[in-house]
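Please see the structure below; I have some questions.
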Amino acid sequence: MKTIDVCLSPELIHLYDVSDKTVVVVDILRATSCMVTAFAHGVESIVPIADEEECERMKLQGYVISGERNGQKIPGFDKGNSPFEYMDEHINGLKIAFTTTNGTQAIEKSKGAKQILIGSFLNLSAISRYLLMSDDNILIVCAGWKGKINLEDSLFAGALVDKLRKHIEPDCDAPLVAQELYLAAKDDMLKFLSASSHVKRLNRLNIHKDISFCLTPDQYHVIPSLKKGELRLL
Ligand code: MLT
């Protein structure tokens, strides 16, 4: 039977051999939710970049530059990290270079995996259907916050484990922890997350509607996948 594991923080990724695995990178609030939304609205490609200056330089190569640090748009960048910025018709066909506090760092740290997919509640069922059909073992990499574990990415990991569990064997205890967390939270994830540090941070920044949107399952069917340093539709 195929296996599934959960890396609760990118700082733990050295514990896993990703070379034969499909890795699902998740940053629910809000990087991977933004990426999925952007592809659902016709973006051509997204280059995820860990470094802010490197991302800024991509402007010279004709990219739209998107960036956030500590929840706030980087001054001078074209776009920030709210999914609502990636929903209008002008998004269609754009090539975006994207840097965020944690999400793009987690993608960078996952390089070396056999395949990298971008997950969020917004494309939860699409991702789980794809993973069921694939032969690869699975690792969910939670972006967390600056190396620390966070609740919202762990909840997504639990939701995905819950969907796949009858067909896929947990490789360790982290999938079980995440699944239990999700089962405790699933009836009201917004309430469950009200004490989480990033929800509190976003609320302090008056960013409210992004939170409930990013927790809404199955808005889109797209699956972004990393190929040669660039995210494109699978
Ligand atoms: C991140 O990558 O850390 C985030 O998506 C932060 C945010 O803008 O909410």
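Kirkwood Rh and Cα-based Rg: tell me the resulting Rg over Rh for the stretch 2-69, rounded to two decimals.
Using only Cα positions, Rg/Rh for the stretch 2-69 is 1.02.
For a protection proxy built on the mean count of beta-carbon atoms within 10 angstrom, sort 187-199, 105-117 highest first, please.
By packing density, highest mean first, the sequence is 105-117, 187-199.
Just to confirm my numbers, what's the Cα centroid distance between the stretch 31-93 and the stretch 152-191 in Å?
So the separation of the two Cα centres works out to 29 Å.
I've got another one for you. Expressed in whole Å with the largest first, what are the equivalent ellipsoid semi-axes of the stretch 99-210 derived from the C-alpha gyration tensor as the square root of 5 times each eigenvalue?
Over the Cα atoms of the stretch 99-210, the semi-axes work out to 24, 18, 13 Å.
Using the eigenvalues of the Cα gyration tensor, what equivalent ellipsoid semi-axes result for the stretch 3-229 when each is taken as the square root of five times the eigenvalue, whole Å, largest first?
Each semi-axis is √(5λ); the values are 26, 20, 16 Å.
Provide the percentage of antiparallel DSSP beta bridges, counting only those with both residues in the chain; round to the nearest 5.
Just about 25 percent of them are antiparallel.
Could you list, in their original order, any pairs among Lys59/Lys109; Lys148/Lys191; Lys73/Lys109; Lys21/Lys191 whose Cα atoms are separated by more than 27 Å?
As for pairs spanning more than 27 Å Cα to Cα, those are Lys21/Lys191.
Show me, for the stretch 105-121, the HN-Hα J-couplings you get by feeding each phi into the Karplus relation (A = 6.51, B = -1.76, C = 1.60, θ = phi - 60°), rounded to Hz, glycine and proline as x.
Using θ = phi - 60°, the values come out as 5, 5, 5, 4, 6, 8, 4, x, 6, 4, 8, 10, 10, 9, x, 6, 4 Hz.
Where does helix 151-164 land angle-wise versus the long Cα axis of the chain, in degrees 0 to 90, nearest 10?
50 degrees
Kindly put Leu233, Leu160 in sequence by how many other C-beta atoms sit within 10 Å of each C-beta, fewest to most.
Exposure proxy ranking, most exposed first: Leu233, Leu160.
Oh, and also: Take the Cβ-Cβ distance between Glu180 and Ser125 as r, set R0 to 22 Å, and report the resulting FRET efficiency rounded to the nearest 0.05.
0.55
All of the numbers you see were taken from the coordinates with simple rules; none came from a lab. In this text, all values refer to a predicted model and were calculated from it rather than measured experimentally. Here Cβ is always computed from backbone atoms with ideal geometry, including for glycine, and neighbour counts include all displayed protein chains.
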